[in-house]
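Here the structure comes first, spelled out in structure tokens, and everything after it is commentary.
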Amino acid sequence: MRNRLPQLRRERHLSQEKLATMLGVSRQTIISIEKERFDPSLPLAFQIAGAFDLRIEDISTPDAPL
């Protein structure tokens, strides 16, 4: 999955640590998602979307076309 998490986080002046705390995950989880090494679970994807007041598909997109 591709994601815009780093861009969105910077636009809102959130550190990786602050976002991790908001979501109840580790900073390493945020790093892994941002580097596209880890796709968040569906519940976590909804939490991330909620934190930015966006839809999941506004943050992440599949690598290959559907």
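The values are calculated or read from the model by the stated rules, or taken from the named source; none is laboratory data. Here the structure is a predicted model, which means the values were calculated and not measured. For neighbour counting, all protein chains shown are included, and Cβ atoms are generated from backbone atoms with ideal geometry for every residue, glycine included. Remember, those area values only see protein heavy atoms, side chains included, never the ligands or the DNA or RNA. Shrake-Rupley method; radii C 1.70, N 1.55, O 1.52, S 1.80 Å.
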- Message: Is it the case, given these coordinates, that K35 is among the basic types (K, R) and loosely packed, with under 13 Cβ neighbours inside 10 Å?
- Response: yes
- With respect to R10, is the statement that it is free of Cβ contacts under 8 Å to residues at least 60 places away in the same chain and part of a loop (DSSP other than H, G, I, E, B) true? no
- Query: Looking at P43, is it modelled with pLDDT of 95 or more, more than 18 Å from Q7 (Cβ to Cβ) and open to solvent by 30 Å² or more (accessible area, probe 1.4 Å)?
  - Reply: yes
- Give the residue that is least open to solvent (accessible area, probe 1.4 Å), with candidates limited to residues of the stretch 46-65 that are within 14 Å of L8 (Cβ to Cβ) and outside any helix (DSSP H, G or I). S60
- So which residues in the stretch 17-29 are farther than 13 Å from A51 by Cα and not in a loop (DSSP other than H, G, I, E, B)? E17, R27, Q28, T29
